[in-house]
Amino acid sequence: MPFARVEDVRLYYRLEGLDGLPVLVFAHSLGVDHGQWDPQVPDLLPHFQVLRYDIRGHGASDAPPGDYTMERLGRDALALADALAIPRFAFCGLSLGGMIGQWLGANAADRITRLALANTSPRLADPGPMEQRRQTVLREGMGAIAGAVMGRFFSPESPAGASPAVASTRRTLLATDPIGYAGCCAAVRDMDHTGLLSAIRAPVLVIAGDRDQSTPWPGNGEVIAAAIPGAKAVHLPTAHLSNLERPREFTAALLEFLGAS
């Protein structure tokens, strides 16, 4: 299995595609892993090398105890790119991954060619529920939050028994290390990127889900799109995990933005 060591943590990654093509890095949502992007990869491989990884605390990556920060998660992404000798790359992140993308866009402008920010936020209006979730998983495990989280991930008409993507996502969520999940909850809880957004100079696409309860367009994607010069926005009829609920529309929007359609 391919791992890169970042200080004292191993990060699992998958790098696919032909050498010499531009690199596109994907970062997943809180509580899933790199497999979130399975529907997008086949259509992207003719145009890009695709780098997916498990964020610290998720999947096959290490889950050290304690609170993480968004800067730490952003530096993990840069260290992974450095380990693979990737100087510049396009980046697509959803939810937690989009928060990491905002940090990268503002703090590593020389590394980012294009930036897609999906179903994400620059700052939680009320960090209290995220702190409650952090405490709950440490005390009771992932099963205690699975129902509520899945209800936000997907629209009500996407039941687990009828959709392979929903069923697989639920299994991944339940298998996530509570310690790593809690560490990332702390990073989301403490994040405030509102002052960073205007510093992002890479071309930006903001993708929003019109049924997204976790990061609805008002106060979240709307703020990002308004603050970043020249940012474009696409709305999809989805809940939080827009790339899984409407994979074709998501991929089409991404390909057009990246100039590969």
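Values in this text are rule-based calculations from the coordinates and carry no lab data. In this text, all values refer to a predicted model and were calculated from it rather than measured experimentally. Heads up, the Cβs are rebuilt from the backbone with ideal geometry, glycines too, and the neighbour counts pull from every protein chain shown.
Structure summary
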item: Test item: Cα-centred dipole of the chain, Lys/Arg +1 and Asp/Glu -1 on Cβ, debye; result: 60
item: Principal axis dimensions, the chain - Cα atoms, whole angstrom, descending; result: 46, 40, 38
item: Inter-site label distance for residue 199 and residue 60 at 7 Å from Cα along Cβ, in nm; result: 3.5
item: GNM flexibility winner over the chain from 20, 98, 183 (Cα, springs under 10 Å); result: 20
item: Projected area, mean over directions - the range 219-261, Cα convex hull, nm²; result: 3.4
item: Alpha-carbon radius of gyration plus Dmax, which is the widest Cα pair, for the range 113-196 in Å; result: 14.4, 43
item: Ranked list, fewest to most other Cβ atoms within 10 Å of each Cβ, for 120, 169; result: 169, 120
item: Sorted by Cβ density within 10 Å, fewest first, the residues 254, 205; result: 205, 254
item: Ranked list, fewest to most other Cβ atoms within 10 Å of each Cβ, for 163, 242, 198, 121; result: 198, 163, 121, 242
item: 5 Å-binned pair-distance histogram of the range 47-195 (Cα, whole percent); result: 2, 9, 17, 21, 20, 16, 10, 5, 1
item: Gaussian network model of the chain, Cα within-10 Å springs - most flexible of 54, 19, 82; result: 19
